[in-house]
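Read-outs throughout are calculated quantities, based only on the coordinates presented, and are distinct from any laboratory measurement. It should be emphasised that the depicted structure is a prediction, and the values quoted were computed from it without experimental measurement. Here the Cβ positions follow ideal geometry from the backbone for every residue, glycine too, while neighbour counts run over all protein chains shown.
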């Protein structure tokens, strides 16, 4: 949930990469700009709009 993610002090993203030899999972810490984009994606789906990005910024600013 984006509401929960916005309340955290830190945020990570889990990424899976499929290789010929198997699947690799990577855990990546997000900086502020990446957090905004990820929360905007959680709100509105793959297509991030100015409105979803603004909403994400507002959610992060409340903390």
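The angle between the Cα long axis of helix 32-44 and the longest principal axis of the Cα atoms of the chain comes to about 90 degrees, rounded to the nearest 10. Between residue 61 and residue 27, the contour length at 0.36 nm per residue exceeds the Cα-Cα span by 9.8 nm. In this entry, the chain is assigned a mean projected area of 4.7 nm², taken as a quarter of its C-alpha convex hull surface. How far, in degrees from 0 to 90, does helix 50-61 lean away from the longest principal axis of the Cα atoms of the chain, to the nearest 10? Helix 50-61 sits at roughly 80 degrees to that axis. Estimated from the Cβ-Cβ distance and a Förster radius of 25 angstrom, the FRET efficiency linking residue 4 and residue 50 is about 0.60.
In percent, rounded to a whole number, the relative contact order of the chain is 32, using alpha-carbon pairs under 8 Å and six or more apart.
Based on DSSP H segments of at least four residues, each scored -39500 (n - 2.57), the chain has a per-residue ellipticity at 222 nm of -14500 deg cm²/dmol. This ranking places 60, 19, 32 by how few other beta-carbon atoms lie within 10 Å of each, fewest first, which gives 19, 32, 60. Per-residue Cβ neighbour counts within 10 Å put 55, 23, 49 in the sequence 23, 49, 55, beginning with the fewest.
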